[in-house]
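The structure appears below as structure tokens.
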Amino acid sequence: MSAAKFGRFAPSPTGDLHLGSLRTAVIAWLSARSSSRGFLVRIEDLDRERVLPGSADRQLADLRALGLDWDGFVVHQSTRLARYGEAITSLVDSGLTYECFCTRREVREAASAPQGQTVARYPGTCRELTPPQRRERAATRPPALRLRAQVDQLSVAELLHGTYVGPVEDIVLRRNDGLPAYNLAVVVDDADQGVDQVVRGDDLLAATPAQAHLADLLGLARPAYAHVPLALNGLGQRLAKRDGAVTMADLAARGVGPARVLERLARSLGFGDAQPREVGDLLAEFQLTDLPRAPWIVA
Ligand code: GLU
């Protein structure tokens, strides 16, 4: 018997979802439901400092108001710390990690090329520290744990970008406050939950080679990825709260209910003048590969 396969939407509960995130959720739902997959929602609440109390419930209510449904219960990453610990231990035991004592600022500065250009990659400052150097640094701050990446570049199958080739960073697996890092948790969760198609915003495209590499090292199946264009404001910047009425609550306060939000999202997805009564009305016509490839300008 083959295990069930799923798509998913995995918001961080740091505030209300804005139109861009709602649109990504609708695409992920349409893509899963139109391809006989189940659909999961996972709350990525590991970053305690950024989590806003009550935000996860509001996000789920907004998804429901748009007519999205999901299978089984909603997993909160904060309940899975033991599983992430197990995955990290297996990487440590295989010699695939090293302790990193760099502060965020040091990483930022070390990653700046002499001309002041910022290179996204961690330059490997702590990769080859000797045991005495490690002891000395450990006296000043607790270490984060990084992946000792085994490859430099990786090519990943991407449903909207064709093959995506990018550098594999020595990503943080465990932060220096002891919490598992997003890149580790997301890989473990998608595999454990049977997610074989990840639809998400294209701000995460560059993280994909490292995540796929991590899945390989953990002996987990890589999902297929589809990175959808972000929503931008009229100035071409990433849509944000400050852009005005961009959440369901803001829009409701101006008399724009869920049905009209859904219509607007449907139009942005290329459904013309469709007036869906519910999101399921879009299923028959939906094709992931037909999606607009340009950012969605929310003006
Ligand atoms: N939790 C992440 C976010 O809200 C999404 C992670 C993912 O989809 O892989 O940006």
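The values are calculated or read from the model by the stated rules, or taken from the named source; none is laboratory data. Worth saying up front: this structure is predicted, and the values here are computed from it rather than measured. We place every Cβ from the backbone using ideal geometry, glycine too, and count neighbours over all the protein chains shown. These accessible areas exclude ligands, DNA and RNA; they are computed on the full protein's heavy atoms, side chains included. Shrake-Rupley method; radii C 1.70, N 1.55, O 1.52, S 1.80 Å.
A few remarks follow.
- Most mobile of L145, L204, L265 in a GNM of the chain (Cα contacts under 10 Å): L204
- Charge tally for Q193 (other residues, Cβ to Cβ under 9 Å; Lys, Arg +1; Asp, Glu -1): -1.
- For S36 and L204, the difference between the fully extended length at 0.36 nm per residue and the C-alpha to C-alpha distance is 58.0 nm.
- With K and R counted +1 and D and E -1, the other residues having a Cβ less than 13 Å from that of A240 yield a net charge of -1.
- Taking the Cα centre of the range 163-269 as reference, the dipole from Cβ charges on Lys and Arg (+1) and Asp and Glu (-1) amounts to some 620 debye.
- Size of charge dipole - the chain - debye, nearest 20, with Cβ of Lys, Arg +1 and Asp, Glu -1, no other charges: 560
- Cut-off under 5 Å, modelled amide H: who pairs with L154 long-range: G166, V168
- Point-to-point label distance, L235-R277, nm (Cα→Cβ direction, 7 Å offset): 4.3
- When the GluC sites (Glu not before Pro) in the range 224-299 are filtered for DSSP coil states and for at most 13 other beta-carbon atoms within 10 Å of their beta-carbon, the remaining sites are E278.
- For the range 1-120, averaging the sequence separation of C-alpha pairs within contact (under 8 Å, six or more residues apart) and dividing by the residue count gives a relative contact order of 25 percent.
- Per residue solvent-accessible surface (Å²) - the range 9-87, probe of 1.4 Å: 42
- Spacing of the two label points (7 Å from each Cα toward its C-beta) at D57 and R293, in nm: 4.4
- Around P223: net Lys/Arg minus Asp/Glu count, Cβ-Cβ under 14 Å: 0
- Positive end of the dipole of the chain (Cβ unit charges, origin at the Cα centre): among L22, L217, C102, the Cα lying farthest that way belongs to C102.
- Listed residue (I297, V261, F286) projecting farthest to the positive dipole end of the range 223-299, Cβ model: I297
- Length available on full extension from A284 to V256: 0.36 nm per residue minus the Cα-Cα distance, which gives 7.5 nm.
- Charge dipole (Cα centre; +1 on Lys/Arg Cβ, -1 on Asp/Glu Cβ; no other charges) of the range 1-148 amounts to roughly 280 debye.
- Accessible area of the range 163-205 belonging to carbon and sulfur atoms, whole % at 1.4 Å probe: 48
- Within the accessible area of the range 27-70 (1.4 Å probe), percent carbon and sulfur: 45
- Estimated 222 nm signal from helices in the chain, with DSSP H stretches of n ≥ 4 weighted -39500 (n - 2.57), rounded to 500: -9000 deg cm²/dmol
- Geometric extent, Cα atoms of the range 11-107 - Rg, Dmax (angstrom): 17.1, 47
- With the alpha-carbon atoms of the chain aligned to their principal axes, the span from lowest to highest coordinate is 66, 51, 37 Å, starting with the largest.
- Unpaired cysteine residues in the chain (no second Cys Cβ under 4.7 Å): C102.
- Alpha-carbon spread of the range 189-286, three principal axes, descending order, Å: 50, 34, 22
- Mean accessible surface per residue for the range 118-251, computed with a 1.4 Å probe while every protein chain stays in place, in Å²: 44
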